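Let me begin by presenting the structure, written as structure tokens, before commenting on it.
The values are calculated or read from the model by the stated rules, or taken from the named source; none is laboratory data. Not measured: the values here are computed from a predicted model. Note that each Cβ is placed from the backbone with ideal geometry, even for glycine, and that neighbours are counted across all protein chains shown. When the accessible area is computed, the model is the full protein with side chains, heavy atoms only, and any ligands, DNA or RNA have been set aside. Shrake-Rupley method; radii C 1.70, N 1.55, O 1.52, S 1.80 Å.
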Amino acid sequence: MKKNKFLLRGLLVASIFAFGTGAAHADLLKDIRDAKKIRIALDTGSPPYGFVGADLKPTGSDVETARLLAKGLGVELEIIQVTSPNRIPFLQSGKADIVVASLSVTPEREKVIDFSVPYAQILAVVAAPKDAKIASFADLKGVRVATTRGSNNDKVVTTGAPDAKIVRYDDDATLVTALVSGQADTIATSPAILTAILAKVPTKDLSTKFVMQSVPLGMGMRKDEPQFKAWVNDWITKNQTQLNELHKKFHGN
């Protein structure tokens, strides 16, 4: 009886070890190629990174980057629609294979996901009416500042201006609507979002007051996928010139 119990215990340990070893050697790159499809998390409510064009099809610098990435892999692109707050949760839960959605590389995010080498840069700025006397974080004390919830802009302005009255919107599209409709007049955002606001209302009295931060944009991936990460990094490096031109096409710089 004792011998049987010992044997069963040994088989259980062996099976657990075998399962753990198999999990550790999961290969997302192979899975994507076998499925002939890659699920890329994109925010199509964040122009010019992602938006719906006049032909009612998704476009933007990140959307077109995602299309190039899928083409490079030789697979179909499946767009997984996300917003700033749920970009990382969608990746971690396995709903997306990779995030290409103006995701700033930050130390906090690097603790929970892996990043590719940078494929673009993004500025975090504060914009306000031209006559507003705002030149630094200190000048935001008591000022109502609108930003996108969960974005790097949110983190930077919250940390830099703890005495500001931060108003958070769930995504960039809602933030743009709020500024266009006059719900807010001081904003912590990116130059691209500011451009989108001024494109909708050219007479809007807004200008960049100061740059809060300049950070690289990376493609977000789950940890422990070395083959996939290596392929993505190699692809970005080889296609950096084309990616730069794509960014310039939509951002103008």
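Of the residues P48, P191, P162, which exhibits the maximal mean-square fluctuation in a Gaussian network model of the chain defined by a 10 Å Cα contact cut-off?
P162
Please list, ordered by chain and number, the residues whose modelled amide H lies under 5 Å from the amide H of R144; skip anything fewer than 5 residues away on the same chain.
K165
How many angstrom separate the Cα center of the range 200-231 from the Cα center of the range 83-137?
Distance between centres, Cα-based: 5 Å.
Once both labels are modelled 7 Å past Cα along the beta-carbon direction, what's the K165-S214 spacing in nm?
Taking the two extended label points, one gets 3.4 nm.
For the range 100-177, what is the accessible area per residue in Å², given a 1.4 Å probe and the full set of protein chains?
On a per-residue basis, 45 Å².
For the range 132-138, take each phi angle, set θ = phi - 60°, evaluate the Karplus expression 6.51 cos²θ - 1.76 cosθ + 1.60, and give the result in whole Hz per residue in order, putting x for glycine and proline.
Coupling constants for the range 132-138: 6, 8, 10, 9, 7, 4, 4 Hz.
Of the trypsin sites (Lys or Arg not before Pro) in the range 80-179, which ones lie in a loop per DSSP and count no more than 10 other C-beta atoms within 10 Å?
For trypsin sites (Lys or Arg not before Pro) across the range 80-179 that sit outside H, G, I, E and B with at most 10 neighbouring Cβ atoms in 10 Å, the list reads K111, K130, K133.
Quick one: among L56, L206, L140, which has the greatest mean-square fluctuation in a GNM of the chain with alpha-carbon springs under 10 angstrom?
Maximum among the listed residues: L56.
Calculate one ³J(HN,Hα) per residue across the range 217-224 by plugging θ = phi - 60° into the Karplus curve 6.51 cos²θ - 1.76 cosθ + 1.60, and present them in order as whole Hz with x for glycine and proline.
Using θ = phi - 60°, the values come out as 9, x, 8, x, 9, 5, 6, 6 Hz.
For Y169, what residues show an amide H to amide H distance below 5 Å, using hydrogens built from the backbone and excluding near sequence neighbours?
T147, T148, R149
F210's amide H: which non-local residues (gap 5+, or another chain) put their own amide H closer than 5 Å, with H modeled 1.01 Å from N in plane and none for Pro or chain starts?
Sorted by chain and number, the residues that satisfy this are V126.
What list of ³J(HN,Hα) couplings, whole Hz, do you get for the range 105-119 from phi and the Karplus terms 6.51, -1.76, 1.60, once you set θ to phi - 60° and write x for glycine and proline?
With the stated coefficients, the range 105-119 comes to 7, 10, x, 5, 5, 5, 6, 10, 9, 9, 10, 6, 4, x, 10 Hz.
What FRET efficiency comes out for N233 versus T195 if R0 is 30 angstrom and r is the Cβ-Cβ distance? Round to the nearest 0.05.
0.50
Can you pull a Stokes-Einstein diffusion coefficient for the range 135-253 at 37 °C (0.692 mPa s), Rh from Kirkwood over Cα pairs, as a whole number of µm²/s?
201
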